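Colleague: One structure is given below, represented as structure tokens, and several questions about it will come after.
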Amino acid sequence: MKSQSKKYSKYLTGVASAALVASAVAPVVSAADFNDVNETNSHKEAIDALSTAGVISGYPDGSFKPNKTLTRSDVVKLMGKWLVSMGYEIPKDYKTNPRFTDLTAKSNDELLQSAAIVKDNNVFKGYEDGSLNAAGSITRENMAIVLVRAYDSVNKTDLLTYVKNQEFDRDVVDLALAKSEARTAIDVLDFYDITNPAAPNFRPKETTTRGQFASFLYKTSKVEAPGEETPEVPEVAEVTSVEAPTEKGLLLKGTNLNLLKAEQLKIEGNEIASYTVNKEGTQAVVELKNELKSGQEMTLTVTTKVEGEDDQVTPFKFTYEMKVGKVAGTTTQVNAQTEGQLLMFTVDGAPANLKKLKDAGFTVEFQSTKSDVFKDKATGELQKDKLIAGEQFSYKVVVSKDGNKVESELVDVKVLNFAAYIAEISEVTVTQGSVKVENGKVPLESGKVNVKATKATTLNGDTVVPTDQNTTYTSSNPSVATVNSKTGEVTLVSPGEVNIVVKVDDATKNIPLTVVSGERIASKAVAASTETKIIDNGETTIDVVVTDQYGDLFNGQLTVETKDATIATATLSNTAEGKAVLTVKGVAPGTTDLQIKSGDTVLSTVKASVSNDKTVATRKLETKSAADDFQLDVMKGSDDQEVTLVWNKYNAQGFLIGAENDAKYAVTSSDPSVATATYVNGEIKVTSVKKGSTELMIKEGDVTRATATITVVDSTPVITAVKFEDAKPVTEAGVIALPIVKSEGITLTSSKVKPEITAGGVIYIDVDGNGYNSTTDIKLGSIASSYSGPGEDITNLRVTAGTIKGTVKSGAKGTIVVSVTPEGQTVPVGTKAIEVNVPAQ
């Protein structure tokens, strides 16, 4: 490419000549947007520009076929028509004197005319034998020759000579592959950057496609004759058309639309919300703040600005026409014996607005297989007393205008009792024998598995325990496991993967299980302490947690072996839900190991040391279990609400003699309102009352012998944030059900628990797993709603399980405010406003 500044002058002059060119480039007129020219197509800019200018078009199927090869006949016709458009005349003898040897007077008349004019003007010469070979493809080197000859013929220039005398950096690297005649023409294209610098191989012998020709034509059209310098014309945005495809959107077409700003657009009775332009600047989308009325002519005023000139104000008339393409019913469930319910439908995928349809001249009629179910067939409102739980009917919607009808498909509707019908299964337990399966692995040898739905949510939002009558179970892979459809009892067949599908009403939940080989055995035992010191005839206990090889808490009996029973003996309780207690008794001075075993496998070892020195040297006020501490928690359901302490006696070597149990000692709490203490048989039971701290004191008369600080915390989760669901403004009369708060959208101070929402809008933690109980469960807060308009606008406004419900009347106008307030607070942690603007009917 050349290094100096370029001086160009257009050589395609006017849309009229371009249109003639187009008839040869694209034989069938079509739309400007082509379905086979994507954003990554290297010819897209040229195709878009020529298409916008009306130079090229596509095929009836919406394609451009950029990869279709051009024939020599196509190019001859193209250049012939172009020369005619530039004022050249068809030679009189075109028919009696065919210019190419393989054409006759009987050849295509258009081809004969074009052949004569291009040959006579030295644009297209043909082969050395005088033939045209009309059906043959044109190579890229010949295309270069034709383009340069055409340019020179029209502009009376000699580009070959001009470029030959210029110094420039060539981009094309395979020029030597071209025939000698074509090399100078390719140089011209290289000089003016008509070739692609990023693709240095010109490939002169290859054929030319429609896309390639469009790029070469477009770039050549920008070339200016050497020595001429055209003053720069400032770019100006030009709007050629305005359409209203949607009720809140306009589509602008034109050129340089990227130079426009939203403030240059004005529309009567409306405001511009946003203005977005495509990267070519040929199309722009205008989003309006207010909806357009169907059938009403509107005016968009465009003000274009050019430096040094007066602003140009251009009005564009447009009309939005509401169209109904596809209608679909969307209601599949209705609540039995409930007033004010409406069947719903969509128009072209969006919720239907009955008033807008009516204003646009459409008529809506609901039809049902149960004709008396409607209270109003024009709105789809249902008769309360015709909605019997357990029954079913079908409906469709017919939308008509000017004799044209659009009908939806029939939709089946179930009449249900929303207070009892299950919408979601929230909890399923899996057990194998006495083991609660947490990790999904179930061994064949350990017997049958029981799957049971234990918690669910109704359509009304209540948390309930599903009944066995409504629950069914199926297996996805009976070759691995079968299941009793009524009880959920699973029989394992062979190793593999299987899903047990739990179904309650229309709610389902998949429970994945992996059937493995190997009976459950204890594989890991963790003792709360791995060393203990006691005196002879003394006794202590150590808590042990046991899991099996699949990671589940073990149930069953393990053994404990004492390496030297003359020093210490030990017993191990039966393991239940992964917990066992190791009891160690001192026999005689010495040290020995206590091994907790599963069969012959040692799972854990505790070192036991025994002393016969029973002289009390120190006393320590400490927890009875090494797993406990001095911090309690008053949260409902917490395992740390109580703790047992002992005032242990130790000899000088630190060996435990035993807990002090002398009646002369008394235990008191400095603040019983925080925690209380009772002292029975050497054990001190401390019970939390409220958050705070207290000093636990062991006294002999008035003398304090030992103290310990008890700290009581309240880890009850607090609502810190709420993410509300998106809710569109209410614009239609009838029953509303707007999901507004979901449990997963509530953020707590603890991520270990999941909040639930009752039908009445109470947010809580289900401590006992049996639904909300104000005594046993933790109330976190509540959801409330209010309405700013007249009370009669919305009847029975309420929050049901995080969903705003009520019946909205025609003409209602106001704001529904939903608030979430943490328990014990007066200021909401979050609010959501829902606009209500229902036109009067």
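The values are calculated or read from the model by the stated rules, or taken from the named source; none is laboratory data. The structure presented is a predicted model; accordingly, all values stated were derived computationally and were not measured. For neighbour counting, all protein chains shown are included, and Cβ atoms are generated from backbone atoms with ideal geometry for every residue, glycine included. SASA here: full protein model, heavy atoms, side chains in, ligands and nucleic acids out. Shrake-Rupley method; radii C 1.70, N 1.55, O 1.52, S 1.80 Å.
Colleague: When only residues in the stretch 550-574 that are in a strand (DSSP E or B) and among the hydrophobic types (A, V, I, L, M, F, W, C) count, which is nearest to residue 513 (Cα to Cα)? Quick ask: steps written out before the conclusion?
Modeller: Taking the stretch 550-574 as the starting set, the residues that turn out to be in a strand (DSSP E or B) are 553, 556, 559-562, 568-572.
Now drop any that are not among the hydrophobic types (A, V, I, L, M, F, W, C), which leaves 553, 560, 568, 570, 572.
Working: 553: 17, 560: 33, 568: 45, 570: 39, 572: 32 Å.
Once the filter is applied, the top-ranked residue is 553.
Colleague: May I ask you to list the residues in the stretch 547-557 that are buried (at least 23 other Cβ atoms within 10 Å of the Cβ) and under 14 Å from residue 599 (Cα atoms)?
Modeller: Filtering the stretch 547-557 for residues buried (at least 23 other Cβ atoms within 10 Å of the Cβ) gives 548, 554.
Hit for the stretch 547-557 is 548, nothing else.
Colleague: Also, I was wondering about something else. Just checking, does the stretch 481-491 include any residue being part of a strand (DSSP E or B) and under 24 Å from residue 759 (Cβ atoms)? It would help to see each step written out before you state the result.
Modeller: Of the stretch 481-491, the ones part of a strand (DSSP E or B) are 481-483, 489-491.
In the following step, the residues that additionally are under 24 Å from residue 759 (Cβ atoms) were identified as none.
Checking the stretch 481-491: not a single residue is part of a strand (DSSP E or B) and under 24 Å from residue 759 (Cβ atoms).
Colleague: Of the residues that sit in the stretch 800-824 and are of a type in the set (A, V, I, L, M, F, W, C) and in contact (Cβ under 8 Å) with a residue 40 or more places away in the chain, which one is farthest from residue 733 (Cα to Cα)? Quick ask: steps written out before the conclusion?
Modeller: Residues of the stretch 800-824 that are of a type in the set (A, V, I, L, M, F, W, C), as a first pass: 801, 804, 808, 812, 816-818, 820.
Within this subset, residues satisfying the condition of being in contact (Cβ under 8 Å) with a residue 40 or more places away in the chain are 801, 804, 808, 812, 816, 818, 820.
On the way: 801: 22, 804: 15, 808: 5, 812: 8, 816: 15, 818: 20, 820: 26 Å.
It comes out as 820.
Colleague: Looking only at the stretch 91-121, how many residues end up being crowded, with 19+ Cβ neighbours inside 10 Å and either under 60 Å from the mean Cα position of the chain (by Cα) or assigned to a helix (DSSP H, G or I) (or both)?
Modeller: 9
Colleague: Of all residues being over 14 Å from residue 743 (Cα atoms), within 32 Å of the chain's Cα centre (by Cα) and among the small types (Gly, Ala, Ser) in the stretch 761-815, which is surrounded by the most Cβ atoms within 10 Å (Cβ to Cβ)? Just the residue, please.
Modeller: 806
Colleague: Could you please tell me which pairs satisfy a Cβ distance under 8 Å, a separation of 6+ or placement on different chains, a first residue in the stretch 398-410 that is at positive phi, and a second residue that is open to solvent by less than 80 Å² (accessible area, probe 1.4 Å)?
Modeller: 402/361
Colleague: Which residues, taken from the stretch 131-162, are among the small types (Gly, Ala, Ser), in a helix (DSSP H, G or I) and without any contact (Cβ under 8 Å) to a residue 40 or more places away in the chain? Can you show your working first?
Modeller: From the stretch 131-162, those among the small types (Gly, Ala, Ser) are 131, 134-137, 144, 150, 153; that's our starting set.
Adding the requirement that they be in a helix (DSSP H, G or I) leaves 144, 150, 153.
Passing the criteria: none in range.
Colleague: Considering only the stretch 507-556, how many residues are touching a Leu at 6+ places or on another chain (Cβ under 9 Å) and under 30 Å from residue 464 (Cβ atoms)?
Modeller: 1
Colleague: Same structure, new question: Among the listed residues 281, 254, which satisfies the condition of being assigned to a loop (DSSP other than H, G, I, E, B), open to solvent by less than 40 Å² (accessible area, probe 1.4 Å), closer than 30 Å to residue 45 by Cα and free of Cβ contacts under 8 Å to residues at least 60 places away in the same chain? First the steps, then the outcome.
Modeller: Details: 254 fails: assigned to a loop (DSSP other than H, G, I, E, B).
None of the others qualify; the one that does is 281.
Let's see how each residue does on (1) among the aliphatic types (A, V, I, L, M); (2) closer than 30 Å to residue 836 by Cα:
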{"position": "742", "(1), (2)": "no, yes"}
{"position": "746", "(1), (2)": "yes, yes"}
{"position": "757", "(1), (2)": "yes, yes"}
{"position": "765", "(1), (2)": "yes, no"}
{"position": "768", "(1), (2)": "no, no"}
{"position": "772", "(1), (2)": "no, no"}
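Colleague: Right, next: Return a yes/no flag: does the stretch 439-455 have any residue that is open to solvent by 20 Å² or more (accessible area, probe 1.4 Å), under 29 Å from the mean Cα position of the chain (by Cα) and among the hydroxyl-bearing types (Ser, Thr, Tyr).
Modeller: For the stretch 439-455, residues open to solvent by 20 Å² or more (accessible area, probe 1.4 Å), under 29 Å from the mean Cα position of the chain (by Cα) and among the hydroxyl-bearing types (Ser, Thr, Tyr): absent.
Colleague: Among 671, 639, 662, which is in a loop (DSSP other than H, G, I, E, B), at pLDDT below 95, within 60 Å of the chain's Cα centre (by Cα) and not assigned by the TED database to the domain that holds residue 778?
Modeller: Values: 671 fails: at pLDDT below 95; 662 fails: within 60 Å of the chain's Cα centre (by Cα).
639 is the lone residue from the list that is in a loop (DSSP other than H, G, I, E, B), at pLDDT below 95, within 60 Å of the chain's Cα centre (by Cα) and not assigned by the TED database to the domain that holds residue 778.
Colleague: In the stretch 371-397, which residues are of a type outside the set (Val, Ile, Thr), within 15 Å of residue 336 (Cα to Cα), in contact with a Phe, Trp or Tyr (Cβ under 7 Å, 6 or more places away or on another chain) and without any contact (Cβ under 8 Å) to a residue 24 or more places away in the chain?
Modeller: 374, 383
Colleague: Okay, next question. What pairs come out if I take residues in the stretch 572-589 that are on the phi < 0 side of the Ramachandran plot and pair them with residues that are open to solvent by less than 30 Å² (accessible area, probe 1.4 Å) and part of a loop (DSSP other than H, G, I, E, B) whose C-beta lies under 7 Å away, six or more apart or interchain?
Modeller: From the stretch 572-589, the pairs are 572/558; 575/554; 575/558; 580/558; 586/538; 587/567; 588/567.
For (1) open to solvent by less than 50 Å² (accessible area, probe 1.4 Å); (2) on the phi < 0 side of the Ramachandran plot; (3) touching a residue at least 40 places away in the same chain (Cβ under 8 Å), each residue gets a yes or a no:
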{"residue": "208", "(1), (2), (3)": "yes, yes, yes"}
{"residue": "221", "(1), (2), (3)": "yes, yes, yes"}
{"residue": "241", "(1), (2), (3)": "yes, yes, yes"}
{"residue": "249", "(1), (2), (3)": "yes, yes, no"}
{"residue": "258", "(1), (2), (3)": "no, yes, no"}
{"residue": "269", "(1), (2), (3)": "no, no, no"}
{"residue": "274", "(1), (2), (3)": "yes, yes, no"}
{"residue": "286", "(1), (2), (3)": "yes, yes, no"}
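Colleague: Report the residue count in the stretch 293-316 for those that are over 22 Å from residue 261 (Cβ atoms), in contact (Cβ under 8 Å) with a residue 24 or more places away in the chain and either touching a Pro at 6+ places or on another chain (Cβ under 7 Å) or not hydroxyl-bearing (Ser, Thr, Tyr) (or both). Walk me through it before giving the result.
Modeller: Within the stretch 293-316, the subset over 22 Å from residue 261 (Cβ atoms) is 293-297.
The next check asks that each one be in contact (Cβ under 8 Å) with a residue 24 or more places away in the chain; those that pass are 293-296.
Okay, now just the ones that are also either touching a Pro at 6+ places or on another chain (Cβ under 7 Å) or not hydroxyl-bearing (Ser, Thr, Tyr) (or both), so 293, 295-296.
Residues that pass the stated criteria total 3.
Residue by residue, here is whether (1) at pLDDT below 95; (2) within 30 Å of the chain's Cα centre (by Cα); (3) in the same structural domain as residue 794 (by the TED database) holds:
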site: 694; (1), (2), (3): no, no, no
site: 700; (1), (2), (3): yes, no, no
site: 704; (1), (2), (3): yes, no, no
site: 724; (1), (2), (3): yes, yes, yes
site: 728; (1), (2), (3): yes, yes, yes
site: 731; (1), (2), (3): yes, yes, yes
site: 734; (1), (2), (3): yes, no, yes
site: 739; (1), (2), (3): yes, yes, yes
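Colleague: Something else: Of the numbered conditions (1) farther than 30 Å from residue 296 by Cα; (2) open to solvent by 60 Å² or more (accessible area, probe 1.4 Å); (3) in a strand (DSSP E or B), residue 337 satisfies every one except a single condition; which is it?
Modeller: Going through the list (1) farther than 30 Å from residue 296 by Cα; (2) open to solvent by 60 Å² or more (accessible area, probe 1.4 Å); (3) in a strand (DSSP E or B), residue 337 breaks only (3).
Colleague: May I ask you to list the residues in the stretch 738-762 that are without any contact (Cβ under 8 Å) to a residue 12 or more places away in the chain and closer than 19 Å to residue 816 by Cβ? Write out each step before concluding.
Modeller: Of the residues in the stretch 738-762, the ones without any contact (Cβ under 8 Å) to a residue 12 or more places away in the chain are 744, 751-752, 754.
Passing the criteria: none in range.
Colleague: Out of the strands (runs of 3 or more DSSP E) lying entirely within the stretch 747-839, which hold 3 or more residues that are under 21 Å from residue 342 (Cα atoms)?
Modeller: Numbers: elements: 762-765, 778-787, 794-800, 803-808, 813-822, 830-837.
Correct list: 794-800, 803-808, 830-837.
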